[in-house]
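Visitor: Okay, here's the structure, questions in a sec.
The values are calculated or read from the model by the stated rules, or taken from the named source; none is laboratory data. Computed from a predicted structure; not experimentally measured. When we count neighbours, we look across all protein chains shown, and the Cβ atoms used for this are built from the backbone with ideal geometry, even at glycine. Heads up: the accessible areas ignore ligands, DNA and RNA and are worked out on the full protein's heavy atoms, side chains in. Shrake-Rupley method; radii C 1.70, N 1.55, O 1.52, S 1.80 Å.
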Amino acid sequence: MKRNVLLTLTVLLLTAALLFPATQVFAEPQSGGTLRFGILRDPEGFDPHINYGTTSTAVQGNIYDTLIEYDENGEFRGALATDWEMEGDQTYIFHLREGVEFHDGTPFTSEDVIATLDRIKDPETNAARHGRIAGLFNYEAIDDYTVRIVLREPDATFLHDLASFTLYIVSARDIENGMNFNRETNGTGAFMLESWEPEGEYVFVRNPNYWQEGLPYLDRLIQIPFQDDQTRVNALISGEVDLIEYVPWQDFDYLDAEFSLFTHESLYNGIRLNHNREPFDQKEVRQAMNYIVDQQMALDLAFGGHGDIKSGPLQPAGSLFYQDELEGALLPDHEKAMELLAEAGYNSPAEVPPIEFTVAAIAVHSDTAEVVQEQLQAFGLRVNWRTVEVSTMIENRTSGAYVMQQDGLSMANPDPDYLRFLFHSRDGSNHSVGVNFENERLDELFEEGLKTIDYDERKAIYLEVEKLLIEESPWIFLFWRPQAEAAHPKVQGYTTVPGGLGMYNLSRFNQIWIDDSVQ
Amino acid sequence: MNRFKSIKRLLKDFRIIICGLFILLLALTAIFAPIIAPHSFSQMNTLDRFSGPGPEFLLGTDEFGRDILSRLIHGARLTLIISLGAVAISSVIGTLAGLIAGYSGGWTENILMRLMDALFSFPPFLLAIFVIVFLGPSVINLILTIGLLYIPRFARIAHSSTLLVKELEYVEAAQALGASIPRIIGRHILPNIFAPIMVQMSLTLGAAVLLESGLSFLGLGPPPPTPSWGRMVQQSARFMQMSPYGIIWPSVIISLTVLSFNIFADAVRDNLDPRLRQ
Amino acid sequence: MSQYLLKRLGLTIILLWLVATILFYFVHLLPGDPAMVVLGGGEQHQPTAEQLARVREQLGLEDPLMVQYSRYLGGLIRGDLGNSFVNQRPVTLDLRIRLTRSLQLIIPAMVLASLLGIFLGILAAGRRGKFSDFFFSGIALTGFSVPVFVSGNILVLIFAINLRVLPSAGYANLFEDPSRWLSYAILPIVSLSLAPLANVMRMTRTSMLEQFNQDYVRTVRAKGVSERVITYRHVLRNALLPVITLIGMQTGILFAGSVIVENVFNWPGLSTLLIRSIGSRDYPVIQGTVLLTSFLFILVNLVTDLSYAFINPKVRYK
């Protein structure tokens, strides 16, 4: 009996000894080790200029580098460019990093930057940023390590484009040799793709010649797809993997207690209203919709309350352009909704014609839609649900073949200019194209906001933009839905990028290290 | 053939009584759903999510705080409408096709029955998924799709039974006396194939409930807010760790319903099909 | 026999051509534009009409439908199913990987269903009218009345969530890590096998009982041969014929029926691929998957019919 007590004590002490280093805040990073990362689905391709959806970022982003990137505060820092300067409002000079090599040993020079931009500009590539690069006034190499890019007009968001995924720099020689970028890889990034099997393991090894001294810490990085949310979570719990993405909200609390949970907001849900179709051809009805729907209740029921409602400001809280002034402008107010409907000529909600609600059959959309449908019906409106597949939902964005459509989108960059991609009347804007949405004042403001560099002036412009959007109500603005990654406590150095840039978390594995002392 | 006797015999089989009662109960529930259901099937409640069975919510609540019992009751309506509709379509069209094929013979028979073979050679569930993806999930489309899938079952039975009956002496005699074709079919052939068609209808009802709930489980079922049993299982499966009730109750009710139709079919066959009566 | 064989083979080829043709037009008529999916779904910038047209051209979707159709049929004859629109991989590569994984569920499930089904069927037939017969028949009825997503989820609830002895879903490579494979595969195999098990058992029982009523059994019995010998030497052999046919048909059904089981257990087999490719309008992958499934379905039925005809000559002359 006594021996048992002793044994227990020893075990306890040992455990404590093992656990304590883990709680040290200033542990020194250790090199070596393997990180096993559970991803959402099979990366569909490796082409660094094509957007395969967010799941490919972790592959593309760790193999390739951009000219500049976001730091932990969401601000720009040099990557393949060491620094940059502006000549006037429209010309950028980038000084490239010397001594960088691609994985195959080819040195990186300005030639590669030009060839990359050319490749994106070439319509045959189908690059995601084709329109952006094709719209540049000029770009040229001044010498081996200097590049000049000239814009047609001043553009406050240009640097965001350069820092974003799908603008990774590839080698000019690979382009010349006709490399199949979809199947082969050769970047300057921290990791090199060693082997892969569809739906199986994607094995990366450390790039020994990586341009950041001493990085990456990891020897190997293995990415394994787990399509099912619960399977992915179980894989983390059982120790099969050390890190997972797309943690379902049901597991937030549990994982936060036992593991490290990294939550962020970069995706949002909203409902498109087609202003060409009855009853949304009347502005008052659209406005009323925003007052009928209780975003907080929708968030509580569809995502367990995790996330952040759009109570007015359309930027995520904590972002540079968050408009405090609008707080509460979109909170539910049924009396006001009734008044608005009456203004539109409907004396009771039952008089409003039935509304067809198009919803894609995926949980992150349909859960939200189910709550909204219930809220609208409880108010007295008639809502007919129409299930479609994701591809139809996507096509509807361009064709406008909907009355009311549940949607979810990610932000292009943390700049409020992302609203231009939705609501500017031209520029292939996501919402406007399908339904010919046009508001002249809004167009003007977007264009002005893009050209304006001064922060205060810009913030004032976007305040007016958001007010106008609330007034026009082209959408039912709902919420930022919760996103999270979870890791075993031994995984150190995982950093999140703020301001709706969470998608970039996964392209920064060069900083991660494994703390062996944590079990 | 003495109908009273056979009905009496049927009623002696306790399987028929029990399953028949269950089906009757289900049908009554479906008809009077709005009266019976203790709560609204769609009302959500943030505070009452994932409650277990209790006095307020007899079977507990789901992830949106909705009353599971009320949802099951309203779900019965949807399930029965779809499966009855589908079976009505497949039994009428299938039986007619089989009768015509069997009675007329020759090319008509060949074409009709090869068509049925072709329909049979598609994996049924795959075909259902495809048609629904193509047409879009709605109650009408589900009825049409499931109905279409089960046509060959009835056609084959009607066909082979017609062939047998056609050769019987009294049918030949009626023919010789100049009875019209509809009359022969109506008076002589139909009553004789009635039993196997009945059995097949009960079996097909079970299969239709299975298929409908399976499609709903894959998200290809009737759209919300009307609850569908299969969709209830699908939605609750994600929350199994938080509360198992959302998945247990609809699972039980789907299984019991299919089971009742199958046992019913079994019992009717045992009692009415003289070859199998032992 | 050879004439019958030729006729059946001919019919099968016509049937396959029919399936392939219907499938082709069906898939191309589906609402939804694959080019849109390839271009990233317009998350931020909506692709322009020219961009969409270019991608459609690259994918060969701008050609007249007849041209696409003949290209597709030509590829089929050479055994080339084209490349995926989404990841550009040859469809045959993915199908091979996926089929192997699906078979890892279907084959064990069918073996389990056949062996256990026949065994229980014999047992039930031997005790006709007794409690155990009633009991087994009840179990069998339940087996094919319970939907796979119900049995699957109930198994998960018991073994993964309450007892925590098996993982709830997932996949491991059979050839690399058999024990881990088993831990993932056992629940899907069991729930997949329930319906065919019930069918096989019922068929065995009925068929055995029919044989027991035959004259030859009475003759043998009159000779004083023991019941045991009658059952296993005489009755069983004849009774198994329809059972084998049924097993064949059930295997065919499982090729398409594993959709739900793969879905419940997140098993990356053929069905998961099908559902995903329908979602992304990846025409070559949809066509490839459905063709392969239908082909296997038809093939299994053909082999079953042929073996039946081989054993029972009467069929040949029908």
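Visitor: Please verify whether A:Ala58 is in contact (Cβ under 8 Å) with a residue 12 or more places away in the chain and part of a helix (DSSP H, G or I), treating the condition exactly as stated.
Guide: Yes.
Visitor: Oh, and also: Give the range A:387-441 a look and list any residue that's at pLDDT below 85 and among the β-branched types (Val, Ile, Thr), or say none.
Guide: A:Val390, A:Thr392, A:Ile394, A:Thr398, A:Val433
Visitor: Now for a separate question. When the residues of the range C:98-139 are filtered to those that are hydrophobic (A, V, I, L, M, F, W, C), under 30 Å from C:Asn83 (Cα atoms) and open to solvent by 40 Å² or more (accessible area, probe 1.4 Å), which remaining residue is farthest from the other protein chains (Cβ to nearest Cβ)?
Guide: Here the answer is C:Ile107.
Visitor: So, of the residues in the range A:119-145 that are without any contact (Cβ under 8 Å) to a residue 24 or more places away in the chain and away from chain C (no Cβ under 14 Å), which turns out to be nearest to the chain's Cα centre (by Cα)?
Guide: A:Leu136
Visitor: Specify which of the listed residues (B:Ile18, B:Ile111) is open to solvent by 50 Å² or more (accessible area, probe 1.4 Å) and within 14 Å of another protein chain (Cβ to nearest Cβ).
Guide: One residue alone meets the criteria, B:Ile18.
Visitor: What number of residues in the range A:346-359 are open to solvent by less than 50 Å² (accessible area, probe 1.4 Å) and either among the polar types (S, T, N, Q) or free of Cβ contacts under 8 Å to residues at least 24 places away in the same chain (or both)?
Guide: 2
Visitor: Please state which one of B:Ile184, B:Ile248, B:Ile253 is at pLDDT below 80, over 23 Å from A:Ile362 (Cβ atoms) and among the β-branched types (Val, Ile, Thr).
Guide: B:Ile184
Each row is one residue, and each column tells you yes or no for (1) farther than 21 Å from B:Met201 by Cα; (2) within 11 Å of another protein chain (Cβ to nearest Cβ).
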{"residue": "B:Met116", "(1), (2)": "no, no"}
{"residue": "B:Phe125", "(1), (2)": "no, yes"}
{"residue": "B:Ile129", "(1), (2)": "yes, yes"}
{"residue": "B:Ala155", "(1), (2)": "no, no"}
{"residue": "B:Ala176", "(1), (2)": "yes, no"}
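Visitor: Within the group C:Phe265, C:Phe295, which residue is more than 8 Å from every other protein chain (Cβ to nearest Cβ), open to solvent by 20 Å² or more (accessible area, probe 1.4 Å) and not aliphatic (A, V, I, L, M)?
Guide: Testing whether each residue is more than 8 Å from every other protein chain (Cβ to nearest Cβ), open to solvent by 20 Å² or more (accessible area, probe 1.4 Å) and not aliphatic (A, V, I, L, M) leaves just C:Phe295.
Visitor: How many of the residues making up the range C:156-198 are closer than 16 Å to A:Ser238 by Cβ and among the polar types (S, T, N, Q)?
Guide: Total meeting the criteria: 3.
Visitor: Which condition from (1) farther than 20 Å from A:Ile309 by Cβ; (2) more than 9 Å from every other protein chain (Cβ to nearest Cβ); (3) of a type in the set (Gly, Ala, Ser) is the one that A:Gly408 breaks?
Guide: The failed condition is (1).
Visitor: Just need a number here: residues in the range C:144-159 that are in contact (Cβ under 8 Å) with a residue 60 or more places away in the chain, open to solvent by 10 Å² or more (accessible area, probe 1.4 Å) and among the aromatic types (Phe, Trp, Tyr).
Guide: Here the count works out to 0.
Visitor: Assess whether B:Met240 counts as being of a type in the set (A, V, I, L, M), farther than 25 Å from B:Ala33 by Cβ and within 12 Å of another protein chain (Cβ to nearest Cβ).
Guide: yes
Visitor: For B:Leu220, only one of the following conditions fails: (1) crowded, with 18+ Cβ neighbours inside 10 Å; (2) within 14 Å of another protein chain (Cβ to nearest Cβ); (3) in a helix (DSSP H, G or I). What is its number?
Guide: It fails just one condition, (3).
Visitor: In the range A:204-248, which residues are within 14 Å of another protein chain (Cβ to nearest Cβ) and more than 27 Å from A:Leu267 (Cβ to Cβ)?
Guide: The answer is A:Ser238, A:Gly239.
Visitor: Residues of the range C:272-281 being open to solvent by 10 Å² or more (accessible area, probe 1.4 Å) and more than 9 Å from chain B (Cβ to nearest Cβ), which ones?
Guide: C:Thr272, C:Arg276, C:Gly279, C:Ser280
Visitor: Taking C:Leu197, is it touching a helix residue (DSSP H, G or I) at 6+ places or on another chain (Cβ under 9 Å) and surrounded by 18 or more Cβ atoms within 10 Å (Cβ to Cβ)?
Guide: Criteria met by C:Leu197.
Visitor: Let me ask you something else. Return the residues of the range A:360-399 that are surrounded by 18 or more Cβ atoms within 10 Å (Cβ to Cβ), more than 23 Å from A:Phe303 (Cα to Cα) and within 14 Å of chain C (Cβ to nearest Cβ); say none if nothing qualifies.
Guide: Within the range A:360-399, A:Ser391, A:Thr392, A:Glu395, A:Asn396, A:Arg397, A:Thr398 qualify.
Visitor: For A:Tyr268, which of the numbered conditions (1) closer than 30 Å to A:Ala342 by Cα; (2) touching a residue at least 60 places away in the same chain (Cβ under 8 Å); (3) within 22 Å of the chain's Cα centre (by Cα) fails to hold?
Guide: (1) is the only condition that A:Tyr268 fails.
Visitor: Which one of these is in the same structural domain as C:Leu115 (by TED's automatic domain parsing), among the aliphatic types (A, V, I, L, M) and outside any helix (DSSP H, G or I): C:Ala172, C:Ala185, C:Ala198, C:Ala160?
Guide: From the options C:Ala172, C:Ala185, C:Ala198, C:Ala160, the qualifying one is C:Ala172.
Visitor: Still on this structure, please answer the following. Does the range C:162-181 contain at least one residue that is within 12 Å of chain B (Cβ to nearest Cβ), aliphatic (A, V, I, L, M) and open to solvent by 40 Å² or more (accessible area, probe 1.4 Å)?
Guide: Looking for residues that are within 12 Å of chain B (Cβ to nearest Cβ), aliphatic (A, V, I, L, M) and open to solvent by 40 Å² or more (accessible area, probe 1.4 Å), one finds none in the range C:162-181, hence no.
Visitor: Shifting gears a bit: In the range B:225-237, what count of residues is obtained for those that are open to solvent by 10 Å² or more (accessible area, probe 1.4 Å) and either more than 22 Å from B:Ala37 (Cα to Cα) or under 22 Å from the mean Cα position of the chain (by Cα) (or both)?
Guide: Here the count works out to 5.
Visitor: Can you give me the number of residues within the range A:426-443 that are open to solvent by less than 90 Å² (accessible area, probe 1.4 Å), among the acidic types (Asp, Glu) and over 27 Å from A:Glu87 (Cβ atoms)?
Guide: Residues that pass the stated criteria total 1.
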